[in-house]
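Asker: Okay, handing you the structure first.
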Amino acid sequence: MEVFTQNVNFFTSIGVVIGNFVILAVIALLLIEKFGKDGLKARAESILKMTGRWGIHGAFLVALVATAISLVYSDIIGFVPCELCWIQRIFLYPQVIILGLALWKKTKDSEIYCSALSLIGGVIALYHFYGQSFNPSALPACDALGEASCAARYFVEFGYVTIPLMSLTGFLLILCGIHLKRRLENA
């Protein structure tokens, strides 16, 4: 594997690990806000409100970066996307436009659309990750040309980061951003 590919794999995997920590932190803050003691509850609520102000911005940035990375992997590095990767892209790519328009026009409908797209894309990514990691026979066979198998892992970083996990993390981060923004508006 050439140096460029190794660097892309490493740095995107670092981003995924950071994204995983952000997702866990948001979940922990939501649980503390709901079940914590008064002082801790107030602090969690304050942090969630502060981050909620930037929720759509963060979701847009995640969608934009995830789209760019997927294109780097397929068009520059040459990883051929499998059937499940293409389906995940179908649910990711429109979110760049929808969230971009939401930031520009300050619309709220985009949150519903992107939540639906991220939920469906996230479920597909979770299934793909599960299949690659634990049960390759559950995944679709190679395409007719034999170019891309859904069970093939182009790389594994840190013992668990694969392309489907990158996709899942992106969808979950988008959902976190949208949820935090909606909480702020509904408070």
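Asker: Out of Ile98, Ile120, Ile124, Ile163, report the one residue that is among the β-branched types (Val, Ile, Thr) and closer than 19 Å to Ser13 by Cβ.
Answerer: Going through Ile98, Ile120, Ile124, Ile163 in turn, the sole match is Ile163.
Asker: Are any residues in the range 49-67 farther than 23 Å from Arg153 by Cβ, open to solvent by 40 Å² or more (accessible area, probe 1.4 Å) and part of a helix (DSSP H, G or I), and if so, which ones?
Answerer: First, pick out the residues of the range 49-67 that are farther than 23 Å from Arg153 by Cβ: 49-61, 63-64.
Keeping just the survivors that are open to solvent by 40 Å² or more (accessible area, probe 1.4 Å) gives 49-51, 53-54, 57, 60-61, 64.
The answer is Lys49, Met50, Thr51, His57, Phe60, Leu61, Leu64.
Asker: Still on this structure, I have one more. Residues in the range 81-104: is at least one among the aromatic types (Phe, Trp, Tyr), farther than 14 Å from Phe171 by Cα and assigned to a loop (DSSP other than H, G, I, E, B)?
Answerer: For the range 81-104, residues among the aromatic types (Phe, Trp, Tyr), farther than 14 Å from Phe171 by Cα and assigned to a loop (DSSP other than H, G, I, E, B): absent.
Asker: Test Ile98 against the stated conditions and say whether it is more than 29 Å from Asn7 (Cβ to Cβ), over 15 Å from the mean Cα position of the chain (by Cα) and modelled with pLDDT of 95 or more.
Answerer: yes
The rows are residues; the columns are (1) open to solvent by 80 Å² or more (accessible area, probe 1.4 Å); (2) touching a His at 6+ places or on another chain (Cβ under 6 Å); (3) small (Gly, Ala, Ser).
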| site | (1), (2), (3) |
| --- | --- |
| Gly15 | no, no, yes |
| Ala28 | no, no, yes |
| Ile47 | no, no, no |
| Ile69 | no, no, no |
| Glu83 | yes, no, no |
| Leu92 | no, no, no |
| Lys105 | yes, no, no |
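Asker: I'm trying to understand the selection: among the residues of the range 167-187, which are under 15 Å from Leu61 (Cα atoms), under 14 Å from the mean Cα position of the chain (by Cα) and either open to solvent by less than 60 Å² (accessible area, probe 1.4 Å) or not aliphatic (A, V, I, L, M) (or both)?
Answerer: Ser167, Thr169, Gly170, Phe171, Leu173, Ile174, Leu175, Cys176, Gly177, Ile178
Asker: Within the range 120-153, how many residues turn out to be open to solvent by 30 Å² or more (accessible area, probe 1.4 Å) and in contact with a helix residue (DSSP H, G or I) (Cβ under 7 Å, 6 or more places away or on another chain)?
Answerer: 9
Asker: How many of the residues making up the range 30-45 are part of a helix (DSSP H, G or I) and either open to solvent by 80 Å² or more (accessible area, probe 1.4 Å) or over 20 Å from Leu175 (Cα atoms) (or both)?
Answerer: Residues that pass the stated criteria total 9.
The values are calculated or read from the model by the stated rules, or taken from the named source; none is laboratory data. Keep in mind that this is a model prediction, so the values were computed, not measured. All Cβ positions, glycine included, derive from the backbone under ideal geometry; neighbour counts span all protein chains shown. Accessible surface areas use protein heavy atoms only, side chains included; no ligands, DNA or RNA. Shrake-Rupley method; radii C 1.70, N 1.55, O 1.52, S 1.80 Å.
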